[in-house]
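The values are calculated or read from the model by the stated rules, or taken from the named source; none is laboratory data. Everything numeric here is computed off the predicted structure, so don't read it as measured data. Every residue, glycine as well, gets a Cβ built from its backbone with ideal geometry; the counts of neighbours run over all protein chains shown. For accessibility, only protein heavy atoms count, side chains too; no ligands or nucleic acids. Shrake-Rupley method; radii C 1.70, N 1.55, O 1.52, S 1.80 Å.
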Amino acid sequence: MHNNRFIQHQPHARQKDKSSSLPSPRRGWRWASSLVLTFFILHSSLFILTSCSETEEESEFANWKDKNEAYFKDVYTNAVSRQAAGDGSWMTLRNWSLGEDNADFHAEIDDHIVVHVLSSSGSTSPSPMYTDTSRVVYEGRLIPSPSYSSGYVFQKTFEGEYNPATAVAAKLGVQEVKDGFATALQHMKVGDRWQVYIPYKLGYEDKAEGSIPAYSTLIYDMTLVSYYHPGKKTSVTKAQRKTSKP
């Protein structure tokens with residue numbers, strides 16, 4: 001009698017052991033929930049990192065158009081004031097491609113570039129023409145911003161501090177660069193070193209270019225090393241070939 005009861009309960013015991021080796025609905029639900037939670041955390045982290053990066057960039061260049069317009073206006077006004085006071089190291093130059101003022105057109109502030117002459121060669125030679133090719137050492141930067149008190153350097157042809165003895169010149173066709181840069185080149189003498197302020201209208205305008213945001217005033221420290229007319233040849237180093245055009 002005792003043995004029969006044992007035999008009757010044994011199949012039930014085996015069935016219980018078999019079912020315990022399979023995942024229960026509760027265990028499967030927990031596994032799925034854990035997977036969903038992990039995915040959500042990873043996705044959220046990526047979103048937060050991306051958002052932080054975008055927020056930092058937006059903060060760096062907040063109200064960028066207004067700031068650049070105000071900055072260039074101040075530089076232009078200062079240059080005009082210094083010129084009037086007899087300071088010959090400051091100039092305002094009209095965009096080379098504009099005609100003379102007339103009844104239908106009058107050049108605005110942002111139709112000019114501002115030049116601060118850092119050093120003059122005193123050369124009496126002509127300046128490059130629009131069809132010429134120039135060799136220029138330069139550094140380009142943006143106006144000051146929260147993280148860059150002197151302005152973010154977006155392009156340069158030399159390493160470290162400027163040294164005319166070691167700086168490599170970039171080979172640039174005058175007609176291949178932006179109007180503001182071309183205007184400066186067509187007024188420089190070989191050996192001149194200028195700091196040039198270019199309003200966004202004569203630069204990249206309302207378009208971003210690489211690390212340069214749209215509506216950026218461009219500030220160049222530039223030295224004209226040499227230039228030559230069409231048809232003449234000059235040596236070009238690898239470093240020069242890699243330099244992008246301003």
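The single condition among (1) of a type outside the set (Ser, Thr, Tyr); (2) in contact (Cβ under 8 Å) with a residue 24 or more places away in the chain; (3) farther than 20 Å from Leu98 by Cβ that Val196 does not satisfy is (3). Scanning the range 154-165 for residues that are under 22 Å from the mean Cα position of the chain (by Cα), assigned to a loop (DSSP other than H, G, I, E, B) and touching a residue at least 12 places away in the same chain (Cβ under 8 Å) turns up Thr157, Phe158, Tyr162. On the basis of being at pLDDT 95 or above, open to solvent by 30 Å² or more (accessible area, probe 1.4 Å) and among the β-branched types (Val, Ile, Thr), does Val153 make the cut? So Val153 passes the test.
Here's the yes/no breakdown for (1) farther than 25 Å from Gln175 by Cβ; (2) at pLDDT 85 or above; (3) out of contact with any Pro (no Cβ under 8 Å at 6 or more places or on another chain):
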| site | (1), (2), (3) |
| --- | --- |
| Ser59 | yes, yes, no |
| Ala84 | yes, yes, yes |
| Tyr138 | no, yes, no |
| Pro146 | yes, yes, yes |
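When Ile143 is tested against (1) more than 19 Å from Leu93 (Cα to Cα); (2) surrounded by 23 or more Cβ atoms within 10 Å (Cβ to Cβ); (3) of a type in the set (Val, Ile, Thr), only condition (2) is not met. Scanning the range 166-178 for residues that are assigned to a helix (DSSP H, G or I) and surrounded by fewer than 18 Cβ atoms within 10 Å (Cβ to Cβ) returns Gln175, Glu176.
The set of residues in the range 184-207 that are touching a helix residue (DSSP H, G or I) at 6+ places or on another chain (Cβ under 7 Å) and buried (at least 20 other Cβ atoms within 10 Å of the Cβ) comprises Leu185, Trp194, Val196, Tyr197, Ile198, Pro199, Tyr200, Lys201, Leu202, Gly203. Against the conditions (1) in contact with a Phe, Trp or Tyr (Cβ under 6 Å, 6 or more places away or on another chain); (2) under 18 Å from Lys67 (Cβ atoms), Asp132 satisfies every one except (2). Looking only at the range 78-101, residues that are in contact with a Phe, Trp or Tyr (Cβ under 6 Å, 6 or more places away or on another chain) and either surrounded by fewer than 11 Cβ atoms within 10 Å (Cβ to Cβ) or more than 28 Å from Met129 (Cβ to Cβ) (or both) come to 1 in all. Yes or no: Lys233 open to solvent by 70 Å² or more (accessible area, probe 1.4 Å), at pLDDT 95 or above, farther than 22 Å from Arg94 by Cβ and part of a loop (DSSP other than H, G, I, E, B)? Criteria not met by Lys233.
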